[in-house]
Amino acid sequence: MSNSTHTSKTIGTLMCHATRNILWQPARDWVRERNSRAGLVLRVGSGQATYHRYDPRTKQHLINYGVRMIAAKRQPETAQGWLSTREIRERGYFDGEVSELNLLAHTCCHEFAHLLQYSAGQRRYGSVHNRHFYEVLDQLHASGAADATRQFLKEQANKAELVLSRDVFEMRSPRLQSRRWQVGEHVRFGTGPKQQQGKIIRVNRKTCTVEISHQPRNLLYRVPCDLLKPLD
């Protein structure tokens, strides 16, 4: 396990502790009034996937925090495209300041809001990030639960001799980023053996569609604008 992966896994464990101690404990009785057997399982996954899921057979809520998600949200260049980043900026959470600590604390609140949304019967297929979800998420921030989650993460990280920075990320507007690129430009993305090279065939608001030469037919990748680099 690489050092960065180990660090992300440690941070994920702290996020699990914050979710249970700060968010779940005061809400548990309310959840169990609606489902007396409801419990919460928290885990750190090996990939990027981060989600809330409910298993009706075991009556367990599951929240999974992916280590690749955690790693991505620790750097401004890879934090740009996440929904949690847009929520902080557009809804004014944590004064609209996107930082490593703010993003990770908000991620805990975001996934826990899904648990509360589901418990209230307001999560349905095709209606996930709906009005009720954002009412719950707004309340987690307005009530001080988000601030308490952030403080808990900061204190526990300090005890583990980890630094979760509150320095505000400098990120350009996705709309401005998309204007850097033009159809027909040759670009590269990815690192090491997974790096790809190709030609832009479409410029979208937040992403570019890149065509990669491949046999028997070319491949198309939709790549966030901030991950593209010009091909020298």
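The values are calculated or read from the model by the stated rules, or taken from the named source; none is laboratory data. Keep in mind it's a predicted model, so treat the numbers as computed, not measured. With ideal geometry, Cβ positions are generated from the backbone for all residues, glycine too; neighbour counts draw on all protein chains shown.
The table below gives the values:
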{"item": "Subset of region 43-70 [of a type in the set (S, T, N, Q) and under 10 Å from Glu111 (Cβ atoms)]", "result": "Thr50, Asn64"}
{"item": "Residue check, Gly47 out of contact with any Ser or Thr (no Cβ under 7 Å at 6 or more places or on another chain) and at pLDDT below 95", "result": "yes"}
{"item": "Selected residue (only one of Arg222, Arg205 is touching a residue at least 24 places away in the same chain (Cβ under 8 Å) and exposed (fewer than 13 other Cβ atoms within 10 Å of the Cβ))", "result": "Arg205"}
{"item": "All positions within region 108-137 that are crowded, with 16+ Cβ neighbours inside 10 Å and touching a residue at least 24 places away in the same chain (Cβ under 8 Å)", "result": "Cys108, Cys109, His110, Glu111, Phe112, Ala113, His114, Leu115, Leu116, Tyr118, Ser119, Leu137"}
{"item": "Residue count, region 35-63 (criterion: assigned to a strand (DSSP E or B) and out of contact with any helix residue (DSSP H, G or I) (no Cβ under 8 Å at 6 or more places or on another chain))", "result": "6"}
{"item": "Members of region 51-92 that are surrounded by 14 or more Cβ atoms within 10 Å (Cβ to Cβ), over 30 Å from Asn35 (Cα atoms) and polar (S, T, N, Q)", "result": "Thr78, Gln80, Thr85"}
{"item": "Tabulated pairs, region 21-35, first loosely packed, with under 14 Cβ neighbours inside 10 Å, second small (Gly, Ala, Ser) and part of a helix (DSSP H, G or I), C-beta under 7 angstrom, 6+ apart or interchain", "result": "Arg34/Ser119"}
{"item": "Any hit, region 141-149, residues being closer than 18 Å to Ile70 by Cβ, in contact (Cβ under 8 Å) with a residue 60 or more places away in the chain and either loosely packed, with under 14 Cβ neighbours inside 10 Å or assigned by TED's automatic domain parsing to the domain that holds Ser8 (or both)", "result": "yes"}
{"item": "From the options His110, His114, residue that is within 19 Å of Arg86 (Cβ to Cβ) and touching a Ser or Thr at 6+ places or on another chain (Cβ under 8 Å)", "result": "His110"}
{"item": "Single match in Gly126, Gly184 (criterion: in the same structural domain as Gly81 (by TED's automatic domain parsing), over 28 Å from Ser99 (Cα atoms) and either in contact with a Ser or Thr (Cβ under 8 Å, 6 or more places away or on another chain) or not hydroxyl-bearing (Ser, Thr, Tyr) (or both))", "result": "Gly126"}
